[in-house]
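The values are calculated or read from the model by the stated rules, or taken from the named source; none is laboratory data. Everything quoted here is computed from the prediction, not taken from an experiment. Reconstructed Cβ throughout: ideal geometry from the backbone, glycine too, with neighbour counts over all protein chains shown. Accessible surface areas use protein heavy atoms only, side chains included; no ligands, DNA or RNA. Shrake-Rupley method; radii C 1.70, N 1.55, O 1.52, S 1.80 Å.
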Amino acid sequence: RPHCRSKLLDIHMASGSSTATKQALPTLTGARLKTRKRDEKEKYDPRTFRDEILTGLVAAGESFDEKLKFLDTKGNQLDYRQYADTLFDILIAGGMLLPGGGIKEETTCIYRTDVCVFTCEASITEMKKHVQVIRNLTRRFKYLTKTFDESMVKILKFLKGFKSEERTRLAIFTGLILGEGLAAGTILSSLLNEHLVKEGVALTFITRCFGAWLSEKDIASVGQVLRKAKLDFKLLEFMPPQQQNNDAFIDHFKKEGLDVLVQFQRLQDLKKHKNRLRRQVDDKIKDGEASINDIIELCQDYKASSPLNDSDVVLVVSGCMVGGANCCC
């Protein structure tokens with residue numbers, strides 16, 4: 001039995017020694033885990049991207065075919081998704097835009113191109129070439145569509161930082177891209193900035209924009225875009241504060257030869273007043289205590305201070321009466 005105890009003790013010590021040996025195995029220190037190439041993030045470097053684009057555009061010269069070919073090829077080599085904002089800055093303003101609208105200048109390299117919206121001839125014919133560049137890019141690289149809208153919103157906010165002639169060219173360009181459906185009508189909301197409106201910058205811009213837009217599309221098409229952007233009832237808001245009335249709007253746009261826009265605004269104004277009167281008559285009917293005379297008096301007072309005529313008022317009231325009768329049933 002003492003012999004067996006001795007053997008068990010030897011086995012136990014050997015087991016402990018084996019465990020200690022396992023615990024004492026050396027571990028790797030300072031080892032680097034290899035990162036997959038797809039997980040590596042490239043450093044954000046818009047300056048290098050700008051240099052490559054500008055070099056190619058300068059080499060293309062005045063040939064828009066070469067320019068389109070270059071941009072299409074580079075879209076498969078450069079990261080247009082990451083640098084889309086820089087790309088559109090170059091195509092519109094000629095270089096990278098700083099906050100406020102200035103161009104980032106350099107002393108050691110090319111920082112601007114003259115083949116852009118801001119420097120081309122301020123005519124529909126010439127501007128269509130630049131619109132074609134945007135059309136080709138957004139069709140070839142679908143993800144650029146949303147970024148183009150975002151870039152236009154930013155650029156329009158910088159209007160005060162641009163020269164007068166640059167704003168004129170940008171307005172023509174904006175009208176044409178809206179007509180082509182290359183940007184959403186909501187980009188025009190950027191012009192409803194207090195300072196742009198107050199100083200008349202928004203009105204001058206929107207006048208040139210509508211001029212170009214209506215030279216290519218009819219008022220029905222323009223109205224559809226404005227309605228989708230919820231701007232169809234906000235046209236007066238582009239006028240300076242002291243001119244935000246129909247008479248001033250009509251006078252201004254008639255002088256600019258945009259009679260179709262004047263007619264559109266008149267129709268929108270009528271719709272607005274009809275809706276207001278309808279709500280007031282509906283409220284009277286739902287109240288249940290208003291007499292016919294009360295409703296007649298309400299309509300007469302409203303008509304006196306609005307562009308509505310007798311037939312407009314009759315149509316509104318009859319519609320409300322029919323609606324009220326249906327509700328009662």
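In the stretch 214-231, whose amide N lies under 11 Å from the spot 7 Å out along Cα-to-Cβ of E256? List them in ranges. Counting backbone N atoms under 11 Å from the label point, the list is 214.
Hey, what D do you get for the stretch 72-171 in µm²/s if you plug the Kirkwood alpha-carbon radius into Stokes-Einstein at 37 °C and 0.692 mPa s? Don't skip to the end; give the middle numbers.
Values: Rh = 14.1 Å.
Value of D from the Cα-based Kirkwood radius: 233 µm²/s.
So which of K163/K271; K128/K254; K142/K272 end up more than 30 Å apart by C-alpha? All intermediate terms of the calculation are to be shown ahead of the outcome.
Working: K163/K271 38 Å; K128/K254 26 Å; K142/K272 38 Å.
Checking Cα-Cα distances, K163/K271; K142/K272 exceed 30 Å.
Using a 1.4 Å probe over the heavy atoms of the protein chains, calculate the carbon and sulfur portion of the accessible area of the stretch 133-286 as a whole percent. Walk me through the numbers on the way to the answer.
Working: 3490 of 7540 Å².
Answer for the stretch 133-286: carbon and sulfur cover 46 percent of the accessible area.
Using DSSP to call loops (not H, G, I, E or B), can you name the chymotrypsin sites (Phe, Trp or Tyr not before Pro) in the stretch 130-230 whose Cβ has at most 15 other Cβ atoms within 10 angstrom?
Working: sites: F141, Y143, F148, F158, F162, F173, F205, F210, W213; in loops: F141, Y143, F158, F162.
Here the sparse-neighbourhood loop sites are Y143.
Computed log10 I(q)/I(0) for the stretch 203-329 at 0.10, 0.11, 0.17 Å⁻¹: -0.43, -0.50, -0.90, from the Debye equation with unit scatterers placed on every C-alpha and solvent omitted.
Remark: C-alpha extents of the stretch 136-250 on the principal axes read 46, 33, 22 Å, sorted largest to smallest. Rounded to whole Å, the principal axis extents of the Cα atoms in the stretch 89-145 read 34, 29, 22, largest first. Residue by residue, the stretch 92-101 carries 3J(HN,Hα) couplings of 9, 9, x, x, 6, 7, 8, x, x, x Hz when phi is fed to the Karplus relation 6.51 cos²θ - 1.76 cosθ + 1.60 (θ = phi - 60°); x denotes Gly or Pro.
Can you tell me how the stretch 127-170 classifies by the Cα gyration tensor, rounded, prolate or oblate, using a/c under 1.5 as the rounded cut?
On the way: a/c = 5.16, a/b = 1.59, b/c = 3.24.
The shape class here is oblate.
Take the Cα radius of gyration of the stretch 59-110 and divide it by 2.2 N^0.38 Å, N being the number of residues; the result is 1.25. The distance separating the Cα centre of the stretch 51-129 from that of the stretch 253-276 comes to 39 Å. On average, how much accessible surface per residue is there in the stretch 101-161, in Å², for a 1.4 Å probe, leaving out ligands, DNA and RNA? So the stretch 101-161 comes to 52 Å² accessible per residue, rounded to a whole number. Site pair T55 and A290 shows an inter-label distance of 7.3 nm when each label is modelled 7 Å from Cα along Cα→Cβ. Residues whose amide H comes within less than 5 Å of that of I103, counting only those at least five positions distant or on another chain, are L98 (H built at 1.01 Å from N in the peptide plane).
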